[in-house]
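The values are calculated or read from the model by the stated rules, or taken from the named source; none is laboratory data. Worth saying up front: this structure is predicted, and the values here are computed from it rather than measured. Every residue, glycine among them, receives a Cβ derived from its backbone with ideal geometry; neighbour counts consider all protein chains shown.
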């Protein structure tokens, strides 16, 4: 018969705690022997309390949905030694090159099952105050929602997000007004049919709308529609291999005609197709990759382009302590820069995290982005096809205290190289995040 010290070896089977009931039954039987009656009486009381708790917990587990709410309330204090992303020794007239910012922040993320699917919503509400360049004070709002559910023999997913913030000052290089609130709205829906084993066709649609508050920068407002069709083969041990075709149609509705007889709306269309593969290798390694060929056509007077396109992500969890992520892509992007119709963008990014303890985590990250611009005018005197290369790398230390208090200290170094005079820069940013996590 099991002793009290052996209780940690007993398993609960979820059906009235059958193994635990048997253990308690033996305890009651033990009480019928004279020499161990006192020990059995104490264990009877303990068993009664534990059975009540187990039955209550089982009822909650069976009737309550698996909900999850993460909430953070705090501030971000940041020092930036090159706020306006200008070359060394250059300062914008009437502006301070370096500055401190304080950003009160609330973030929340909520997930829960919904029928046979699930839904998640999240958001970030913040306001950034500059100490020396107060004209840049701006809200930073982000809301997003996702939902998935099976419908007949198909898996349906939808998502929506909206993000509003001060434009990245690294991309305001034309000497016009710096103060500009950029709002990005994204909507999407997808359908993937078939069983987990066999042929699976699918379609996707994505919409993006970008607007600017500055009257001058309204010329760069753009819309983009993405249509994707795919068909593939899936097996649990093999993953999902598919071929896809994609059309991206974009336009700038507020731009004026470059010359009489030309359309007022600048339009950019990209056609691409290729092979995509998704797979999870156990619980440690997961990834996806897509490789294909693309061709981009723009309005008259704007060079087109064609060539290789690719996109992929790879995540790794080697243990409870080490994890990492790698991403890479090459495709065409519409641009919020004045005078740019689109850019060819290549990007590589990676991060590695190490949990020093349950409370302390260290993360290192790096990225490289290369852009090649296409348009009739980017900066006066700049050649068509000019672009830039931006490298950034940094580190973050995160500390989670015992009383929900969270601290994070991060540092990032930026370097941009450009063939256009005056667009090179170096910058350093250090940020301290502190607050409460619930």
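For the stretch 378-390, give me each residue that is in a loop (DSSP other than H, G, I, E, B) and at pLDDT 55 or above.
First pass over the stretch 378-390, keeping only residues in a loop (DSSP other than H, G, I, E, B): 378-386.
Within the stretch 378-390, just 386 meets the criteria.
Is it fair to say residue 162 is under 29 Å from residue 371 (Cβ atoms), under 21 Å from the mean Cα position of the chain (by Cα) and crowded, with 16+ Cβ neighbours inside 10 Å?
Yes; evaluated as a whole, the condition is true for this residue.
In the stretch 274-283, what count of residues is obtained for those that are surrounded by 13 or more Cβ atoms within 10 Å (Cβ to Cβ) and more than 20 Å from the chain's Cα centre (by Cα)?
So in the stretch 274-283, the residues surrounded by 13 or more Cβ atoms within 10 Å (Cβ to Cβ) come out as 274-280.
Imposing the further condition that a residue be more than 20 Å from the chain's Cα centre (by Cα) reduces the set to 274-277.
Count: 4.
Restrict the check to the stretch 174-183 and report whether at least one residue is modelled with pLDDT of 95 or more, assigned to a strand (DSSP E or B) and within 29 Å of residue 229 (Cα to Cα). Yes, that holds for at least one residue. If you go through the stretch 195-218 and keep only what is buried (at least 17 other Cβ atoms within 10 Å of the Cβ) and within 16 Å of residue 335 (Cβ to Cβ), you end up with 208, 210, 211, 212, 214, 217.
Annotation for the stretch 237-249: no member residue is farther than 20 Å from residue 192 by Cα, touching a strand residue (DSSP E or B) at 6+ places or on another chain (Cβ under 8 Å), exposed (fewer than 15 other Cβ atoms within 10 Å of the Cβ) and modelled with pLDDT under 95. Against the definition (assigned by TED's automatic domain parsing to the domain that holds residue 79, under 26 Å from the mean Cα position of the chain (by Cα) and surrounded by fewer than 16 Cβ atoms within 10 Å (Cβ to Cβ)), how does residue 136 come out, yes or no? Against the criterion (assigned by TED's automatic domain parsing to the domain that holds residue 79, under 26 Å from the mean Cα position of the chain (by Cα) and surrounded by fewer than 16 Cβ atoms within 10 Å (Cβ to Cβ)), residue 136 does not qualify. Just one of the listed residues (323, 319, 327) is in a loop (DSSP other than H, G, I, E, B), assigned by TED's automatic domain parsing to the domain that holds residue 285 and free of Cβ contacts under 8 Å to residues at least 60 places away in the same chain, and it is 319.
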